[in-house]
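Have a look at the structure below, then the notes.
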Amino acid sequence: MVSSSIRYLSLALLVGGTLGLASCGGGGGGGTTPNPGPLPSSTPSVSGSCQPPPAPGTGTAYALGAARTWCLSVATIGTSNVTYESVATTLLAQGTHLNVWIDNADQGQLTQTQWQQIATDFDAIYTADTTYFGNTTFPWLGSQQSQYTFSECDNNGSTLPASQYVNQPNFSSGNGNNGNGAQIDMVVTDKLGTGEGGYFNALDLVSNASARCTASYSNEAQVFFAEPPGSMPQSFYLNGDVLRTEAHEFQHMLHAINKTYAVFASTGVQVRDPSWIDEGFSMLAEDLAYPSSPGPSGDPIRYAFAYVNAPSNYSLTSFEGLDCAPTATSANCPMSIYNYTAGNYGAAYLFWRWVMDQKGAGALRQVIANSDAGPNNSGVNEVLAATGYSSFTQLFDDFEMAVAASQKYGPLGGSVYAYTAQSNQDAFDNSYGQYTIPSPCQQISPEPNVSCNLVNHTATFSFPGPQPPSSLSGGSLSATTGSQTLSLYAGSANFIPISGTTTGQDSFSAFDTSGSAGIVGGYAAQTAMVPVSECAPVSNKIGCTVTGNPMPTNVLFVAGMGNPPAGSGPGAATLAQYAITLAAQAGGTPPASITGPASIARLPQATGPRTVGDGFLRADRPAAVGHQALSRLFGRGVVHTTLLQGLRRR
């Protein structure tokens, strides 16, 4: 698992209204605890087999003690490969909104009372998630018949004639979970992929015949999967791990229902949100749905911590970053470009936490309802519409200013640069704050700025504020000895400590010496200066003059530029790199121009931390796995169902 007194210069790489855009992610699923995986190959390997799902129910809920065999997709972390297998389970617990099915081999890991606690606790999570992210009902067929459906295939993947089509699963109002009562299903099994904490598969919401067109299988149910406690302390599992899994995976289900399938069923438009939206929503779901006690949820805080500690390593929208190799087992490991890292989840959470605080829950619902994902399925257009911005460059700049200023430099509330922690628990609101979360710590001090209570199974994270890139020579930029040129990743934010300032007029500048991107930015300050101010970009540079009586700890300069990354294969660097020359000048105005190299090699740190406050390696299933399956599903053909009425067997 990746871990995830000074003036700062923040560089957020942006260009052309985009931010490191990539088309992978979203739609398919994702676990609650990320681990970096290499960029997915073009065609994942799908193997194994499952027995067909049972026929739809007749409207009666499952009874406790019921048996059902589920189709489990076991993902290989670090690849897009999936193996299918059947798992026999028993329904051991049931709440108003959740059935908890336990793998028959894992039933002894908790008592009956503890399994029931999981089902009961989900009721509050259900209410919160459906309030913010939509409901569970969407009709494929029946009295509210969809005009569109998918092609269907036999078990070998050969397309069936229309006369042999079957109904898609029915989750319409009054029919519940495909005729099996109002509860959705959670399957708990220790047969998930190594280190994987849980997943949701969007293909479980279509017929198995349609899933066979993609060489996959469907459970024809509203179901997500989770790990059992295993070696975790039971108190942490019940009060931390399983709660975040429920909130996270259920949001993925709601997102698939209300975005991918509902939009398709009503319009025929094929849209799947990219990972920075879907995974960001699931991280926010953990925050919003997590109960106030023991709260706050662990994932948002510890992955925000990973991002704040190395923001220059991660791109928000491409969901890629410089991180530890996913297969490494030592404390220090080789670094390369991977997606679905802890820092990516932290960046996405911080972005949507800020949007929620600034715009309210309505912005989330607008994103889900909007089918205009923008160029390359980037998500830009729908996010701009929901937030009221006309420029994504400006939106990202305001977000990074908020992360940088937080409560140390910016106002405590009432500002576009403020986090306000609107939810019912101590959500993130300060890049320099301290948070205590549930955690199965195994060491008292597992890493800098993290301390653990081994009795109460909690970890306290002391946020240091956004940290500078590791390639910055000497760890700061001097206002008296000249400039530095760094090669920085597209879509990343870089916070540069400034030394050698005066008590009068100083200036800070960033120049894109490669001439490939425009720059935006601003600064935040305390004491006699304006609290937060933005600076207008000029060509491929930005410069701000700060006048007042600043102390070295009281100014934060923010600048940004960037461009979309190029595609590449597993493990290869895909984030574009640009030569940025940074200059600070004591007692003067920004220079009109500066000369720097057109390119410079990126200098990643050779090794990196492996933990973020606990000793349990749990991984996230890359959403690209499900995204690719959905792409294959859409690619096999869309059928107008009005031509097929009366031809369905069930």
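The values are calculated or read from the model by the stated rules, or taken from the named source; none is laboratory data. What you are looking at is a predicted structure, and each value in this text was computed from that prediction instead of being measured. Here Cβ is always computed from backbone atoms with ideal geometry, including for glycine, and neighbour counts include all displayed protein chains. These area figures cover heavy atoms from the full protein model, side chains too; ligands, DNA and RNA do not enter into them. Shrake-Rupley method; radii C 1.70, N 1.55, O 1.52, S 1.80 Å.
Among S235, S218, which is of a type in the set (S, T, N, Q) and either part of a loop (DSSP other than H, G, I, E, B) or buried (at least 24 other Cβ atoms within 10 Å of the Cβ) (or both)?
S218
Out of L243, L205, which single residue is farther than 29 Å from Q442 by Cα, buried (at least 24 other Cβ atoms within 10 Å of the Cβ), at pLDDT 90 or above and aliphatic (A, V, I, L, M)?
That would be L205, the only listed residue that is farther than 29 Å from Q442 by Cα, buried (at least 24 other Cβ atoms within 10 Å of the Cβ), at pLDDT 90 or above and aliphatic (A, V, I, L, M).
Looking at the structure I just gave you, is N170 more than 28 Å from Q442 (Cβ to Cβ), in contact with a Gly (Cβ under 6 Å, 6 or more places away or on another chain) and polar (S, T, N, Q)?
For N170, the condition - more than 28 Å from Q442 (Cβ to Cβ), in contact with a Gly (Cβ under 6 Å, 6 or more places away or on another chain) and polar (S, T, N, Q) - is met.
Of the residues I277, I257, only one is closer than 17 Å to M186 by Cβ and in contact with a Gly (Cβ under 9 Å, 6 or more places away or on another chain); which?
I257
With the checklist (1) open to solvent by less than 10 Å² (accessible area, probe 1.4 Å); (2) closer than 19 Å to N239 by Cβ in hand, flag the one item Q116 doesn't pass.
Exception for Q116: condition (1).
Among the residues of segment 425-440, what is the count of those that are at pLDDT 80 or above and either open to solvent by 10 Å² or more (accessible area, probe 1.4 Å) or more than 24 Å from Q234 (Cα to Cα) (or both)?
9
Under the condition of being assigned to a loop (DSSP other than H, G, I, E, B) and in contact with a strand residue (DSSP E or B) (Cβ under 8 Å, 6 or more places away or on another chain), which residue from segment 450-464 is least open to solvent (accessible area, probe 1.4 Å)?
My answer is F463.
Only residues that are modelled with pLDDT of 65 or more, in a loop (DSSP other than H, G, I, E, B), surrounded by 20 or more Cβ atoms within 10 Å (Cβ to Cβ) and small (G, A, S): list them for segment 488-546, please.
Scanning segment 488-546 gives A490, G491, S492, S514.
Confirm whether S172 is in contact with a strand residue (DSSP E or B) (Cβ under 8 Å, 6 or more places away or on another chain), crowded, with 24+ Cβ neighbours inside 10 Å and of a type in the set (G, A, S).
No.
Only one of (1) over 30 Å from A459 (Cβ atoms); (2) more than 13 Å from the chain's Cα centre (by Cα) fails for G230. Which number is that?
So the condition that G230 fails would be (1).
Against the definition (at positive phi, of a type in the set (S, T, N, Q) and either open to solvent by 10 Å² or more (accessible area, probe 1.4 Å) or outside any strand (DSSP E or B) (or both)), how does N178 come out, yes or no?
yes
Of the residues T90, T43, which single one is open to solvent by 30 Å² or more (accessible area, probe 1.4 Å) and at pLDDT 50 or above?
None of the other options fit; the residue is T43.
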